[in-house]
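So the structure is just underneath, and the comments pick up after that.
Bear in mind that the values in this text are calculations on the coordinates, not laboratory data. Note that the coordinates shown come from a computational prediction; the quantities given were computed from them, not determined experimentally. Please note: Cβ atoms are built from the backbone with ideal geometry, for glycine as well, and neighbour counts cover all protein chains shown.
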Amino acid sequence: KAIILAMGCRERTRGAINIPGFRPAGIYTAGQAQRFVNVEGYLPGKTYVILGSGDIGMIMARRLTWEGCQVKAVVEIQPYVSGLIRNQVQCLEDYDIPLITSYTVTKIHGKDRLKGLTISKVDHNFDRVIGSEKFIECDTLLLSVGLIPENELTREADAEISEMGGPIVDNNLQTTIEGVFACGNVLQVHDLVDLVTAEAKRAGFNAIEYIHNMYGKKTGKDEQIKCIAGENVIYVKPDLINKGDLAKDIIFTFRVKKPDRRVLIQFKDEKNKVLYKKKRKHVIPSEMIEIKLNLSEQQIDPVCKIIEVEVIPRPEVLIEKDKL
Ligand SMILES: Cc1cc2nc3c(=O)[nH]c(=O)nc-3n(C[C@H](O)[C@H](O)[C@H](O)COP(=O)(O)OP(=O)(O)OC[C@H]3O[C@@H](n4cnc5c(N)ncnc54)[C@H](O)[C@@H]3O)c2cc1C
């Protein structure tokens, strides 16, 4: 009577990021290494470089250090860490593991077993900066370079997919196919499993409500408001809000495109009327932002068609000269 899509993500592999060079043994995803160490009781190597500063990579850097291995560096293509700040502090800084930002692996050395890597600096377009190459000797490379939502089934079912890869859902986590809901990493990559659990619970309750109140009844399609990502926002969930649900609490989740400080989070309609605003000291792409809102209480215009979420710089507080 209802289906909940919860297929999760898979890790991006070397093939997905096209690193040139030979194909020796000693290259794993961070998740594979985690399984070897934590479940199977094997160490994949002795000296490591971790490509990508995702949470799993940083957690593995610490774990391998505990096991007596040497983690020579975590190399990140972005100019900032891509996982949680607390993992940067607790997994890298506390163990003196260098984080090299704006660098990537540009060559793999070794034929049978990995012997080392060339890393190169990248510019703001992620193009290699010629002459910036450095060689790092290591026998193992772990990849922590992102997750790919497992949406093959979603596509086969003909549910609409958003630009970011997850299915388009309304505020009840229902996809564009009636009775089919989605939650967890297949919908959006979460920072922690606890957030996945909370979202899964919501999807479950909404699916039950659908079965009890809507399944088999010709209720007709509710008019919907479209939620769109504005300045410095990469995506917003839900993608759609049913106008019949405006009096309900709605949980919005979104991420910023780039880190920023002293910002203002704003929800506004297509007429630029601000429905909600909140100050925040800092934002970073690795930390998903969650805001619970009751749009009726925010005096939303019932004819509103679009809600845009933006994260904009707050004007600096000017200190007048005569007050100095
Ligand atoms: C390597 C790794 C380490 C992690 N470590 C941590 C951690 O330490 N702490 C933390 O909080 N979070 C961690 N996470 C994140 C956490 O695992 C995820 O946020 C969470 O598991 C996502 O839950 P999910 O139910 O959406 O997907 P998953 O837990 O991935 O579950 C999806 C399930 O669906 C199955 N599936 C997929 N397609 C189909 C299909 N077509 N038919 C049937 N079944 C299918 C998959 O096999 C899988 O069992 C880690 C993630 C990874 C990849």
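Please order 311, 37 by the number of other Cβ within 10 Å, starting at the fewest.
Result, fewest neighbours first: 37, 311.
I want to verify a result. In a Gaussian network model of the chain, Cα cutoff 10 Å, which of these has the top mean-square fluctuation: 174, 299, 224?
In the Gaussian network model the winner is 299.
Provide the three semi-axes, in whole Å and in decreasing order, of the ellipsoid equivalent to the range 155-220 as defined by the square roots of 5 times the Cα gyration tensor eigenvalues.
21, 16, 7
Roughly what would the spin-label model give for residue 86 and residue 192, points 7 Å off Cα along C-beta, in nm?
0.4 nm
Enumerate by residue number the GluC sites (Glu not before Pro) in the range 142-215 meeting two conditions: DSSP loop (anything except H, G, I, E, B), and at most 13 other Cβ atoms within 10 Å of the site's Cβ.
Numbers: sites: 150, 152, 156, 160, 163, 178, 199, 209; in loops: 150, 160, 163, 178.
Of the GluC sites (Glu not before Pro), the ones in loops of the range 142-215 whose Cβ has at most 13 other Cβ atoms within 10 Å are 163, 178.
Among 236, 144, 20, flag the residue with its Cα farthest along the positive direction of the charge dipole of the chain, charges on Cβ as +1 for Lys/Arg and -1 for Asp/Glu.
Positive-end residue among those listed: 20.
Would you mind counting up the charge near residue 6? Only other residues with Cβ under 11 Å from its Cβ, with Lys and Arg at +1 and Asp and Glu at -1. Please list the in-between numbers first.
Details: positive: none; negative: 150, 199.
Overall, the nearby charge balance is -2.
For each pair in 217/271; 72/111; 218/243; 134/281; 243/292; 134/257, compute the distance between the two Cα atoms and list the pairs where it is over 26 Å.
Going by Cα-Cα distance, 217/271; 134/281; 134/257 fall outside the 26 Å limit.
So what is the calculated 222 nm ellipticity per residue for the chain, using -39500 (n - 2.57) for each DSSP H run with n of 4 or more, over all residues, to the nearest 500 deg cm²/dmol?
-4500 deg cm²/dmol
For the chain, with only Lys/Arg (+1) and Asp/Glu (-1) charged at the beta-carbon, what is the dipole magnitude about the Cα centre, in debye rounded to 20?
That gives the chain a dipole magnitude of about 440 debye.
Which loop-located trypsin sites (Lys or Arg not before Pro) does the range 204-240 contain, where loop means any DSSP state but H, G, I, E or B and the Cβ has at most 14 other Cβ atoms within 10 Å?
Passing both the DSSP loop test and the Cβ count: 217, 218, 221.
Which trypsin sites (Lys or Arg not before Pro) in the range 267-298 sit in a loop by DSSP (not H, G, I, E or B) and have at most 10 other Cβ atoms within 10 Å of their own Cβ?
Within the range 267-298, the qualifying trypsin sites (Lys or Arg not before Pro) (loop, at most 10 other Cβ atoms within 10 Å) are 271.
Across every pair of different alpha-carbon atoms, what Kirkwood hydrodynamic radius in Å does the range 222-324 reach?
The Cα-based Kirkwood calculation yields 14.5 Å.
May I ask for the Rg/Rh ratio of the range 25-150, computed from Cα atoms with Rh as the Kirkwood radius, given to two decimals?
0.95
With an 8 Å cut-off on Cα pairs and a minimum separation of 6 or more residues, tell me the relative contact order of the range 196-295 in percent.
Details: 138 pairs, mean separation 23.1, N = 100.
Computed over the range 196-295, the figure is 23 percent.
Once the principal axes of the Cα atoms of the chain are found, what is the range along each, listed largest first in whole angstroms?
Principal-axis extents of the Cα atoms in the chain, largest first: 69, 63, 33 Å.
For the chain, which span is the longest to avoid every loop-located (per DSSP) member of chymotrypsin sites (Phe, Trp or Tyr not before Pro) having at most 14 other Cβ atoms inside 10 Å?
Between exposed loop sites, the widest span is 216-324.
For residue 112 and residue 67, FRET efficiency with R0 = 35 Å and r from the beta-carbon atoms, rounded to 0.05?
0.90
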